[in-house]
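Please read the structure below before turning to the comments.
The values are calculated or read from the model by the stated rules, or taken from the named source; none is laboratory data. Every value quoted in this text rests on a predicted model; they were computed, and no experiment measured them. Cβ atoms come from the backbone with ideal geometry, glycine included; neighbour counts cover every protein chain shown.
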Amino acid sequence: MAPRRDVIADDLRTQISTGRIKTGERLPSEAQLASHYAVSTPTLRSALAVLQGEGLVEKIHGKGNFVRHPLRRITYVGGGRTPLSQTATDPALRMTIRTAHIPARGHLAALLRVSKSSPLTEFLCLSHEGNSPHSLARIYVPRDLAPADGPSESPCREAILVRLTELRPPLAEVREQVSARCPTPEEAATLRISSALPVLAITRVAADTTGRVVEAALLVLPGDRADALFTHHTMTEEGEPE
């Protein structure tokens, strides 16, 4: 016999797929659902976690569980001119960017190859599709390569990205590391995803012709809406791309 968690998840999944519970609709409260299925609250929450992990349901703090609108898949293309080039050209996604001045600490100092407490500017970028968070990125640049404006929050992503490109010297190397992992509690809460849903975590470090790291980016892309593509051009014996 299947565990009660799976039976409940199957029933709710069927109701969602057949339209009995519609996209955007709030599910009954957890207490009501637990009573309806005659199970404990932990068992009910475990069943909801299955649906959250599948991207069918999202839990909004203080409001309840909602049937999620199908989210657009994006493809992260490795080696792009900016770590946000995909969302920057996708009209279905909007982005807010919050800037802050911070000192380099721990792993940031190591990523940017600077001494601890060196001045950095952080760009916290959160993209949305409709009302649902879509992806998260933190971009760090040395303070002298960031716009002179102070900490702020702005939806004008294009202007900020263009200004960053203007201030940054030409890139000579872009190194990217991709891993699949579970989100941190903070990431799960920000993106409204289950802590069991794998994410693509991309660390991107860009350096100029002198070897100076001019940008480090930490991207978090939920696995139910993102792919990563990396293309390597090989050379023929004559030195021409194949």
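With respect to ALA110, determine if the residue is at pLDDT 90 or above, in contact with a Ser or Thr (Cβ under 9 Å, 6 or more places away or on another chain) and either under 16 Å from GLU215 (Cα atoms) or not in a loop (DSSP other than H, G, I, E, B) (or both).
On the way: at pLDDT 90 or above: yes; in contact with a Ser or Thr (Cβ under 9 Å, 6 or more places away or on another chain): no; either under 16 Å from GLU215 (Cα atoms) or not in a loop (DSSP other than H, G, I, E, B) (or both): yes.
When the stated conditions are applied, ALA110 does not pass them.
With respect to ILE97, is the statement that it is closer than 23 Å to ALA201 by Cβ and either at pLDDT 90 or above or not assigned by TED's automatic domain parsing to the domain that holds VAL213 (or both) true?
no
Kindly establish whether ILE74 is at pLDDT 90 or above and among the β-branched types (Val, Ile, Thr).
Working: at pLDDT 90 or above: no; among the β-branched types (Val, Ile, Thr): yes.
No; evaluated as a whole, the condition is false for this residue.
Out of the residues in the stretch 33-63 that are out of contact with any helix residue (DSSP H, G or I) (no Cβ under 8 Å at 6 or more places or on another chain) and under 14 Å from ASN131 (Cβ atoms), state the one that is surrounded by the fewest Cβ atoms within 10 Å (Cβ to Cβ).
Filtering first and then ranking leaves LYS63.
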